[in-house]
Amino acid sequence: MLNFRFIFRQIRSSHKQALIFVFCVALSLLTLVSLGGFSSSVRSSMLKDARQLHAADIIIHSHYPLSPVLTTAIKDYEKQGLATSAVVHEFYSMTSNTALEKSVLSHLKVIEKGYPFYGKVELASGRDFSEVLKEGTIVVEQSALDRLGAEPGDSLQIGSAELIIADTVIAEPDRPVSFFSFGPRIFVAAADLERLDLIRMGSRIHYNYLLKVNDPAMVDRLADELASVAVAPQERVNTFENAESGVKRFFENFLFFLNLIGIFTLLLAGIGIQTALGALLRDSEYTIGIMKAVGATNRFICSHFILMIMLLGTFGTLLGLSLSFLLQLYLPALFGGILPASVDLVIAWDTVFEGLLLGTAVVGLFSFMPLRRVRNLKPAAIFRKERGTAGGRLAQYFTIGVITCFFTGLTIWQLEDIATGIYFVLGLVGLLGLNTLITQALLRIIRKKRPRTLALRQAFRGLFRPKNATRAIIITLSASLSVIFSIYLIEQNLQATFIQSYPPDLPNAYFLDIQPTQRQKFSTILGTEAQFYPIIRARLASINGRAIDREIERQRRRDNLSREFNLTYRDFLLDDEQLIVGDSLFGNRIEELRQRGEVPVSVLDTVAEIGDIRVGNLLVFSVQSIPLKARVTSMRTRTESQVRPYFYFVFQEETLKAAPQTIFSAAKMERAKLAEVQNRLAKELPNISVIDIAKTIEILARIMHKLSTIVQFFTSFSIIAGLLIIISSIFATRLARIREAVYYKILGASSGFVLQVFTLENFLIAMVCGLLAGLIAQAGSWIVCSRVFDISYHPLPGRMAIMVGITVLLVIGVGIGASLSILQQKPAGFLRDEE
Amino acid sequence: MADKVLEAVELSKSYRVDDRRITVLDNISMAVEKGEFLVIEGKSGSGKSTLLSLLSGLYKPDSGRILLNDRDITGLSEDQLAPFRNRTIGYVFQSFHLIPSLTALENIMFPAELNHDPAATAKAAELLRRVDLHQRDDNFPHQLSGGEKQRVALCRALVNSPQIVFADEPTGNLDSANGETILQLLMKLRREVATTLVMATHSREISSTADRILRLVDGRIDS
């Protein structure tokens, strides 16, 4: 029969360890459940507002004007009264305030009457959008006014048209974020489109055809019909429910990455659970010994402790779920700027249920070893000479095996990606394994050291105090710190390469959509030497006869082969390119290829890796629906990763010269000159867009910093696991520490000396953690920077030292905080109790 | 009085247990002369250990004063008492109280190192040799028997050549053979270091070897 009073008394007598156990369980759930709940809230908000998010029932997206057959189909629906349509053109263009001679690259949205079919464009004046935006007027974002020094009522030059600012836009339904935009939004009425005179052949225009279906039940049917006549793949037909957006995809990818951090925190918190529970049960060893000595069976004792663990585990799980919900309240602010929708937080019951299951599983898994110690404890424990063991090696290996399987399964389930899940678990096992090995080796060395300074020597010895969880502390803390350090180092290296040390000789301005006929005039306006790159837009249809599976490609987390590529032609390598396969760009079998109806193409290694493309492979491109058979004749690589133009596919001039094309140009010029060029281009060649690289880099830096901050925020929870283990370890060794402190004092040491010893002990732990984490982070970041990003690596020793310093202060602060009562212990009282 | 090393004036000490106040020592006045071997004798619960703790500065009395070498140590803080304890006083406890994380040699060296004595290692090794434990210098306390632990504790108490050694039932946790050995060693070392010894015991046998006996009965000196 269970004795509940006994269970409550055991919890009360070890309440500090019990509390740490509860915190560790809560911590194990915190990240995963809050992220799960948050993403459920985001998805539900997006689904609820899906019509508003896309402003229509059916959305047809294309980079070209709609094909005649699709246009006819839409017109038929309108005639039959089944649907209403509106065309939205989105593109970048220069906008100028001619009075002040200021220009800015702006993101134009040219809309037809009816837009938005759902949702609302909110204006600063509060007026109705459809009443405000008329022919000859524009509605602009505040930042456009700020940058152009304009205000409502002023007129701005866009393309060939002079348009009057009618109002300021605050929000638009189908673009909830401006985070990724390279220029402020400007709404233009469709009636002014021709006057702008900006749409030329090859211009980068997003054509969005929005349809409002009068009978909601017919949405899917009409969409299917439209999809069946659309020209694939350039015309994409979606309903509001299945339409994808880049921002949404980015958000999903980012959550995917954060989930990995959640699993990492779960694992470290699991180590905390095991350590805290081990300490809690060790507190009870004497009691367990007595119970066994008077005849209690293992079954009786274990059932009591299992119930105790279940009780505490339940508290921890409930606390974790509550904290997760509280954390979710903060997440919209943390994610501010990258959320694809305004989020109404909802309690996702499936996430709560998953959280409960997860809490039970984690407590069960990590309680196994400490409970085995209870089972193996002999009654001789009452003489305090014997401790329980975790059982044979087989049992330990079995437990580790079960935990590994659990985490692999959990990771795959969370990520819905078997390969990534397995790689992640292997990486995690590698990280913890490496940490464990180095920690063991370091502790072995430290154990043999005998420093001359007395306090330091005592601190060294303190690390090996019985029940001290030194190894667990170092492993968990250094693992979490190594992740945080790595993220910081990678971010800083990316910033250093792409942003701070942007090479002065590289172009600082990009010019898009130059028509071949404008080349001469453009050069005159530029007045300086510039590089010109012809651009022909095309899609890759197949590799070696194997068609590109667009669905699979879109699921890739990095670049993919389903998107439209910019092909170019030239017969030379760029300054930052070199051939890695082949003697020349196009080889010496050009004639032979021509006879087979093929043309040579040189491929960049990065895209080759995505599609496993090799020299000799046959690629078929679709250039405005015309197939182009290209044989891979060489492979190129880039020698440096900088913000400069590069092309995946390079052809001979004769292959693509006749294809519809625009010219892309890059030039290096003074900022004042660039402003002048921007103004002249806006006036004389308004279809040409100018990208100021300095401004672009600012945006990139802001995005990188934002993402890094979010990742570090979530990783910091794993540090808490390490700190909880420190506190648990101090509580577990409280008696030993008090004994040491008392003996020191009796033998004539001041409390300053005792404080010094404990501080040094924490300092040693922190230094080992910091240095170990630093070492692993340096190695990991170097691999990521040199292999993944292909950039030169800077170890940033000064900043690493600061981070290690912060770690030291944190660990010492927590360690001393938990030891304060020990330091204040009076010797005589303790000795009397000990005698 | 000439050559007085320790003096207690009207010491009283009581404890509170739940709502009851228990007087352990009541108005004790006494003095110890340099080089003297004083035994504080009494039954269990008579207040011997408490008196020893008060005299050695481990406890603070409720009232009264303690003078060590004519200096009043009653009001000193723990940190002010620390150097006194280190240089002037040595302790031997019934439960040995060796630092578990230090070897036998390191335990003995510890007070000398706190005193920044450059010869700490040599002195500790010599003391270990004199108690015939030099071959166990690298052993940790848990690797030593009770008698061996107490021998190490004796050495530790004497390593700084203190003026006064307090011993609280030093043979209480040992069998008679080990107890006899410890006692003989203590006497021998005390003579060699020429220190004062104040020992709490209820053993008549030990008391018989003392220069003077102070008998405690219910917290008062039995005169």
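Report, by residue number, each residue of the range A:89-113 that is surrounded by fewer than 22 Cβ atoms within 10 Å (Cβ to Cβ) and among the polar types (S, T, N, Q). Of everything in the range A:89-113, just one residue is surrounded by fewer than 22 Cβ atoms within 10 Å (Cβ to Cβ) and among the polar types (S, T, N, Q), namely A:Thr98. Checking A:Ala26 against (1) modelled with pLDDT of 80 or more; (2) within 29 Å of A:Pro173 (Cβ to Cβ), only one condition comes out false. Which one? Of (1) modelled with pLDDT of 80 or more; (2) within 29 Å of A:Pro173 (Cβ to Cβ), only one is false for A:Ala26: (2).
Just one of the listed residues (A:Ser41, A:Ser85, A:Ser96, A:Ser67) is within 34 Å of the chain's Cα centre (by Cα) and polar (S, T, N, Q), namely A:Ser41. When B:Leu128 is tested against (1) more than 18 Å from the chain's Cα centre (by Cα); (2) within 13 Å of another protein chain (Cβ to nearest Cβ), just one condition goes unmet, and that condition is (2).
For the range B:159-181, residues that are of a type in the set (A, V, I, L, M) and surrounded by fewer than 24 Cβ atoms within 10 Å (Cβ to Cβ) total 3.
Exactly one residue out of A:Leu820, A:Leu771, A:Leu809, A:Leu755 is within 14 Å of chain B (Cβ to nearest Cβ) and assigned to a helix (DSSP H, G or I), and it is A:Leu755. Looking only at residues that are of a type in the set (Lys, Arg) and surrounded by fewer than 16 Cβ atoms within 10 Å (Cβ to Cβ) in the range A:656-671, which one is nearest to the chain's Cα centre (by Cα)? Restricting to residues being of a type in the set (Lys, Arg) and surrounded by fewer than 16 Cβ atoms within 10 Å (Cβ to Cβ), the top hit is A:Arg671.
Looking at the range A:422-478, which of the residues that are hydroxyl-bearing (Ser, Thr, Tyr) and within 14 Å of chain B (Cβ to nearest Cβ) is surrounded by the most Cβ atoms within 10 Å (Cβ to Cβ)? Here the answer is A:Thr470. Residue check: A:Pro797 meets all listed conditions (1) away from chain B (no Cβ under 14 Å); (2) in contact (Cβ under 8 Å) with a residue 60 or more places away in the chain; (3) not hydroxyl-bearing (Ser, Thr, Tyr) but one, namely (2). Scanning the range B:64-117 for residues that are in a helix (DSSP H, G or I), more than 19 Å from B:Arg129 (Cα to Cα) and more than 10 Å from every other protein chain (Cβ to nearest Cβ) returns no hits. Taken over the range B:150-189, the residue count meeting the criterion of being part of a loop (DSSP other than H, G, I, E, B) and within 11 Å of B:Ile89 (Cα to Cα) is 5.
State yes or no: is A:Ser486 closer than 22 Å to A:Leu775 by Cβ, modelled with pLDDT under 85 and away from every other protein chain (no Cβ under 12 Å)? The answer is no for A:Ser486. When residues in the range A:728-747 are screened for being more than 14 Å from chain B (Cβ to nearest Cβ) and either surrounded by 22 or more Cβ atoms within 10 Å (Cβ to Cβ) or in contact with a Lys or Arg (Cβ under 7 Å, 6 or more places away or on another chain) (or both), 5 of them pass. Restricting A:Leu674, A:Leu685, A:Leu681 to residues that are touching a residue at least 24 places away in the same chain (Cβ under 8 Å), touching a strand residue (DSSP E or B) at 6+ places or on another chain (Cβ under 7 Å), surrounded by fewer than 23 Cβ atoms within 10 Å (Cβ to Cβ) and outside the structural domain of A:Arg444 (by TED's automatic domain parsing) narrows the list to A:Leu674.
The values are calculated or read from the model by the stated rules, or taken from the named source; none is laboratory data. Nothing here was measured: the structure is a model prediction, and the numbers come from that model. Please note: Cβ atoms are built from the backbone with ideal geometry, for glycine as well, and neighbour counts cover all protein chains shown.
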